[in-house]
Amino acid sequence: MKYWQLLASLVLVTFVFFFPLSAQAASSSSITRSVGEEVGVKDYSGQDLVGTEFTNVVLKKTNFSNTNFRGGVFNGSLLEGVNLHGADFSDGIAYLTKFKGADLTDAVFTNAMMLRSIFENVDITGADFTDAILDGPEIKKLCAQASGVNPQTGVDTRESLQCK
């Protein structure tokens, strides 16, 4: 019996090795921009952008105010002068993203994964970072200016960042 199991395993491995399944790339209509593109001034305000991805892009003065951006992704991107006022970025991912001169007032970042992201000259008044994951130095930087209460969640910005 073991002989037949060994032989069957050998045939299966040989078959997979010589006749591998072809890999097919998954496509997604939710990937809005990618690979180093620069997106000019664009207005997404008030739109439903659930799960939308922006990968390796430069976004300058783009308006995301009051968007439903739950589960959205910014990956390896520069967000310069971007308006995220009142946006819901809950459960989103911002990895290796630089927020420079961005308006994050009254935005909701609950459960967002924001590791290796940089916040430079941003306004976080009234933003809610409850259970968001950020790098320690960035939390300290944000705590130095944190103030206000988020009008959607009622959470104090300093408390959501666990400022000391």
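Two decimals is fine: what is log10 I(q)/I(0) at q = 0.13, 0.19 Å⁻¹ for the range 90-164, from a Debye sum with one equal scatterer on every Cα and no solvent?
-0.29, -0.66
With +1 on the Cβ of every Lys and Arg and -1 on the Cβ of every Asp and Glu, and nothing else charged, how large is the dipole of the range 33-164 about its Cα centre, in debye rounded to the nearest 20?
Charge dipole of the range 33-164: 340 debye, to the nearest 20.
At Gln162 and Val149, where each label point lies 7 Å from the Cα along Cα→Cβ, what is the point-to-point distance in nanometres?
For Gln162 paired with Val149, the spin-label model returns 2.3 nm.
Which of the peptides 88-98, 103-113 is most tightly packed, and how do the rest follow, judged by the mean count of other Cβ atoms within 10 Å per residue?
So the peptides 88-98, 103-113, ranked by packing, come out 103-113, 88-98.
In whole percent, how big is the carbon plus sulfur part of the accessible area of the range 85-146, probe 1.4 Å, protein atoms only? Walk me through the numbers on the way to the answer.
Details: 1350 of 2510 Å².
C and S fraction of accessible area: 54 percent.
Leaving out ligands and nucleic acids, note down the accessible area per residue over the range 102-148 with a 1.4 angstrom probe, in whole Å².
Per-residue value: 42 Å².
What are the residues whose amide H is under 5 Å from the amide H of Ile133, where those residues sit 5 or more places off or on another chain and H is modelled from the backbone?
Ala112, Met113, Met114
The values are calculated or read from the model by the stated rules, or taken from the named source; none is laboratory data. Since this is a predicted model, take the numbers as computed values, not measurements. Heads up, the Cβs are rebuilt from the backbone with ideal geometry, glycines too, and the neighbour counts pull from every protein chain shown. These area figures cover heavy atoms from the full protein model, side chains too; ligands, DNA and RNA do not enter into them. Shrake-Rupley method; radii C 1.70, N 1.55, O 1.52, S 1.80 Å.
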